[in-house]
1. Extension gain residue 247-residue 374, at 0.36 nm per residue separation less the Cα-Cα distance, in nm?
2. Roughly how tilted is helix 346-360, in degrees to the nearest 10 and between 0 and 90, from the longest Cα axis of the chain?
3. With an 8 Å cut-off on Cα pairs and a minimum separation of 6 or more residues, tell me the relative contact order of segment 182-360 in percent.
4. So in the chain, what percent of DSSP beta bridges are antiparallel if you round to the nearest 5?
5. Mind pulling the per residue volume of the convex hull built on the Cα atoms of the chain? Å³ is fine.
6. Where both residues lie in segment 155-288, what percent of DSSP beta bridges are antiparallel, nearest 5?
7. Sort 116, 183, 214 by Cβ crowding within 10 Å, fewest neighbours at the top.
8. Report the extension gain between residue 26 and residue 136 in nm, rounded to one decimal, defined as 0.36 nm multiplied by the number of residues separating them, less their alpha carbon distance.
């Protein structure tokens with residue numbers, strides 16, 4: 001079987017979509033599924049060539065230094081010679097969606113999409129001038145329209161499936177999370193991370209890893225950390241990742257008197273530094289309201305990092321009793337108290353670490369790839385006229401430049 005992936009984001013842009021795409025491609029190969037990925041070129045970034053990845057010339061996105069917008073003309077021309085596929089799998093709702101749907105229609109093959117992004121919350125944060133009620137309505141209509149254009153949808157979690165059904169989406173929705181590869185269970189070295197970042201070995205370390213963006217609710221975590229420091233004065237807070245909220249979070253840390261205790265370490269190499277970073281944590285904290293799954297939590301559990309986290313949207317499908325996490329409400333005092341308890345109780349940390357490593361083993365990426373392969377086989381058997389319901393117009397803001 002051959003499947004064409006189309007995505008508006010991929011490495012070196014680090015986020016959950018990039019991780020999911022790479023993880024599934026690697027494990028689908030073990031299921032004898034050949035994939036070709038069409039994604040943006042991030043030049044001048046140092047991007048090593050990757051087999052089966054077609055890079056499309058792209059330009060920057062205003063106000064977002066990390067992302068790239070593929071050139072529409074180049075994208076459509078690059079897709080034209082890509083034939084001989086059984087179906088198209090779209091991973092993002094921007095230009096990739098429209099190009100992917102149109103290409104599938106030209107080839108008379110089915111098209112499916114994974115709903116990685118909680119677009120309603122995304123739009124609220126990135127177009128804040130719109131009233132919340134208006135942005136919510138626009139996002140839901142936009143989602144329904146895009147979902148009608150594909151034969152099947154994948155939600156990374158059951159709560160995200162419920163959101164789509166609540167929007168009135170009628171396309172079949174299948175829950176297939178992104179799993180963890182075997183490499184992510186290789187033990188990291190916390191001491192090595194501390195040495196590399198010049199962080200004292202003896203100081204308790206609170207950690208957040210992920211996109212440094214407004215929708216991740218990191219401002220709340222900083223305020224929680226201020227309350228933690230009042231009780232654990234030598235605690236450190238490490239924020240690993242990049243994103244548009246970094247400057248404002250630095251300013252907030254300074255206003256809270258935390259500038260010396262909060263360390264922004266940027267992106268880390270996923271195969272080495274990132275594992276060491278997880279392993280260095282005495283407490284991993286998380287409070288995002290927008291996760292469609294929350295893969296970063298599984299990665300932390302696999303490294304034995306004790307979690308203190310809210311359970312909202314997709315993270316509810318991961319955070320269960322006995323999973324290696326202290327689950328709390330999004331309220332400053334309870335969250336801070338739980339974090340302090342984890343930092344001050346080595347026996348509790350050891351118990352959570354043991355539970356987390358054991359629980360994470362249940363989320364094998366190969367098992368998830370096999371489920372995805374079964375869905376591919378089912379969808380590929382659809383008659384061409386059932387591949388999608390609506391026409392997919394070109395996006396309103398196209399880039400016809402060559």
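1. Details: separation 127, 0.36 × 127 = 45.72 nm, distance 4.44 nm.
So the extension gain works out to 41.3 nm.
2. The answer is roughly 10 degrees.
3. 25 percent
4. Values: 5 of 45 bridges.
In the chain, DSSP labels about 10 percent of beta bridges as antiparallel.
5. Dividing the Cα hull volume of the chain by its residue count gives 137 Å³.
6. Working: 1 of 13 bridges.
Of those bridges, close to 10 percent are antiparallel.
7. 183, 214, 116
8. Numbers: separation 110, 0.36 × 110 = 39.60 nm, distance 3.56 nm.
Result for the pair: 36.0 nm of gain on full extension.
Taken together, the values in this text are just the output of simple stated rules run on the coordinates, not laboratory data. Predicted, not measured: the structure shown is a model, and the values here were computed from it. Counting neighbours? That spans all protein chains shown, and the Cβs are built from the backbone with ideal geometry, glycine included.
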